[in-house]
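Quick note: the coordinates plus some simple rules give every number you see, no bench work behind them. Bear in mind the structure is a predicted one, so any value in this text is a computation, not a measurement. Every residue, glycine as well, gets a Cβ built from its backbone with ideal geometry; the counts of neighbours run over all protein chains shown.
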Amino acid sequence: MRKFTLVWDLPTRLFHWCLVFAVFYSWLSIEVLENMQHHFYSGYVVLTLLLFRLVWGFVGSHHSRFKSFIFSPSVLLSYSRNITAKSAKRYLGHNPLGGVSVIIMIGVLLAQAMLGLFSSDDYFFGPLSGLISAESIARISELHSLNSNAVLAIIGLHVLAIIYYKLIKSEPLTSAMLTGNKEIHESDTMPSSKIASRLLSLVVIILCVTLVYYLATAFLYMVPVSTESYY
């Protein structure tokens, strides 16, 4: 009889899917809708979610914590060499390569969101753009644009990895992130079953929302005013 265990707690799953939609809308708002105001709003959501995930990586349930999926270089190299082998070690949470991808994803998206706070398209200015010079705004705006390519690249690799694990290794990563449950194998090492408090996650998200709201509004009086017409 197949047995399952809860791997991904509810806050982690909500974070994941909210981030998917927020990042998608960030792309849609600027590339299709050409609505910079909505682009800023979605960017604030992305930043809030990432800040939450950074905190949750230390106080969340076992598999959500960074210490559970940050491995030594030797373990990472060993797993990479044997990834296609049937004898490759299985991980209930993120495997070594998956852990690296999570850290890179968070880093790239966090950089993109932070750069956006200081960026401008000559019509709209980020809420922190008034804190730096016009030359710095231009450079950061260019970096924001260039980094969007890194965001698309890491998302593409993430999707390919999901497809690979589903078709080749028969691991339904997507459904596990929907339900939180993964099938238990005999070789699996079971961690503590203690699940992080949902009340704690609510406190963390409220603090993150408060911080992002402050960043988005506290320095608006310093934001440059465009001399060009948007229409």
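Can you sort S119, S141 from fewest to most other Cβ atoms within 10 Å of each residue's own Cβ? Let's see the in-between values first.
Values: S119 25, S141 20.
Ordered from fewest to most neighbouring Cβ atoms within 10 Å, S119, S141 come out as S141, S119.
If you place +1 on the Cβ of every Lys and Arg and -1 on the Cβ of every Asp and Glu, how big does the dipole about the Cα centre of the chain come out, in debye to the nearest 20?
1440
Order of H185, H63, H16, H144 from fewest to most other C-beta atoms within 10 Å? Show your work: numbers first, answer last.
Values: H185 10, H63 19, H16 14, H144 22.
By the 10 Å Cβ count, ascending, the order reads H185, H16, H63, H144.
Just want to confirm a number: the relative contact order over the chain, from Cα pairs under 8 angstrom separated by 6+ residues, in percent. Could you put the intermediate results ahead of the total?
On the way: 247 pairs, mean separation 72.5, N = 231.
Reported relative contact order: 31 percent.
Going through segment 56-151, which chymotrypsin sites (Phe, Trp or Tyr not before Pro) have at most 13 other Cβ atoms within 10 Å and a DSSP loop state?
Values: sites: W56, F58, F66, F69, F71, Y79, Y91, F118, Y123, F124, F125; in loops: F69, F71, Y91, F118, Y123, F124.
Loop-located and lightly packed - Y123.
Listing S29, S72 from the residue with the fewest other Cβ atoms within 10 Å to the one with the most, what is the order? It would help to have the intermediate numbers written out before the result.
Working: S29 19, S72 9.
By the 10 Å Cβ count, ascending: S72, S29.
In Å³ and rounded to a whole number, note down the convex hull volume per residue for the Cα atoms of the chain. Mind dumping the intermediate values first?
Working: hull volume 32.0 nm³, N = 231.
Roughly 139 Å³ of hull volume per residue.
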